[in-house]
1. For the range 63-123, list the strands (runs of 3 or more DSSP E) that sit wholly inside it and hold at least 3 residues that are under 20 Å from the mean Cα position of the chain (by Cα) and in contact (Cβ under 8 Å) with a residue 60 or more places away in the chain; which are they?
2. In the range 1-52, what residues are small (Gly, Ala, Ser) and surrounded by fewer than 19 Cβ atoms within 10 Å (Cβ to Cβ)?
3. Looking at this structure, is GLY201 open to solvent by 50 Å² or more (accessible area, probe 1.4 Å) and among the small types (Gly, Ala, Ser)?
4. Of the residues PHE195, PHE185, which is open to solvent by less than 20 Å² (accessible area, probe 1.4 Å), within 23 Å of TYR22 (Cα to Cα) and not acidic (Asp, Glu)?
5. Grab the helices (runs of 4 or more DSSP H) fully contained in the range 180-236, keeping just those with 2 or more residues being in contact with a helix residue (DSSP H, G or I) (Cβ under 6 Å, 6 or more places away or on another chain) and closer than 19 Å to TYR38 by Cβ.
6. For the range 8-45, name all the residues that are part of a loop (DSSP other than H, G, I, E, B) and either touching a Gly at 6+ places or on another chain (Cβ under 6 Å) or within 22 Å of LYS69 (Cα to Cα) (or both).
7. Just name the residue that is farthest from LYS228 (Cα to Cα) out of those in the range 147-182 that are charged (D, E, K, R) and modelled with pLDDT under 95.
Amino acid sequence: MRYREIKPVGFLTHFVQCFWEYENTETDIEHTILPDGYFDLIAEFKNGIFKSLKITGVWTKPTNVIIPKSTKMFAIRFKLLATEYLFQQEIKSILDTTKPLPADFWNINKYQSNEFESFVSDITYRLDNSIKHLREIDNRKLQLFKFVYQDKPNSVKELSQRVFWSSRQINRYFNNQFGFSLKEFLKITRFKSSFKQISNGDLYPKNDFFDQAHFIREVRKYAGATPKELYKNKNDRFIQLSKPKQG
């Protein structure tokens, strides 16, 4: 199994967390995908030949997937703001599941399985160009997601005050666009922020968990496993806790 990421730069970072490539060459592998506050567009290749394209919803629970041998994936991990401004649609209808896309979406089916750098370069150009032609972005939304993804807010109330947007309006937006509340989103991103400390063997709570019992309970809820099981990460079951090669 080989996995690596390439990070975007500039204004695109408001919409894209990373581009990633995954390759499984030897045998079928089972992974548990953990909620992390993002959604993905994934192109799959089988034996070097383009096979399919799909988009995921946001995961709010652990999901087991089996990756067949001789499979490679090119993907884009999007931040939630991308749903409204790049895709111009809601994704609450595919919460905790996936949806197939036409093979020629963004001309992704034209790429060969050895062209990840070209894929990243071309899609970056396409997205940067799309951003230039966007209608004005609601600054409240821009700041809200910036704070959340930087692990800064502690509560819905605090975040509401910082971006000058009422909690009621924020939750209406979240439920209509994504299918869950801002409070749930903050719980998911807090859980995600613990990945690094757990993978480094620090199994004690940080990031505003109340105590050890609260930390373990939240980890069990979103991972279906204990912090210790996440740390051991046997056979790279929890791929998000594996250390990727940076591009």
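1. In the range 63-123, the matching strands (runs of 3 or more DSSP E) lie at 71-78.
2. GLY10, GLY48, SER52
3. no
4. Step by step, each of PHE195, PHE185 is checked, and only PHE195 is open to solvent by less than 20 Å² (accessible area, probe 1.4 Å), within 23 Å of TYR22 (Cα to Cα) and not acidic (Asp, Glu).
5. 182-193, 195-199, 212-223
6. Within the range 8-45, THR25, GLU26, THR27, ASP28, LEU34 meet the criteria.
7. If we take residues in the range 147-182 being charged (D, E, K, R) and modelled with pLDDT under 95, then ARG162 is farthest from LYS228 (Cα to Cα).
Table: residues versus (1) open to solvent by 70 Å² or more (accessible area, probe 1.4 Å); (2) within 30 Å of ILE170 (Cα to Cα).
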residue: GLN88; (1), (2): yes, yes
residue: ALA103; (1), (2): no, no
residue: TRP106; (1), (2): no, no
residue: LYS110; (1), (2): yes, no
residue: GLU115; (1), (2): no, no
residue: ASP122; (1), (2): no, no
residue: ILE131; (1), (2): no, yes
residue: LYS146; (1), (2): yes, yes
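The values are calculated or read from the model by the stated rules, or taken from the named source; none is laboratory data. Just so you know, these numbers come straight off a predicted model, no measurement behind them. Cβ sites come from the backbone with ideal geometry, for glycine too, and all protein chains shown count toward neighbours. Note: accessible area is taken over every heavy atom of the protein model, side chains too, but ligands, DNA and RNA are not part of it. Shrake-Rupley method; radii C 1.70, N 1.55, O 1.52, S 1.80 Å.
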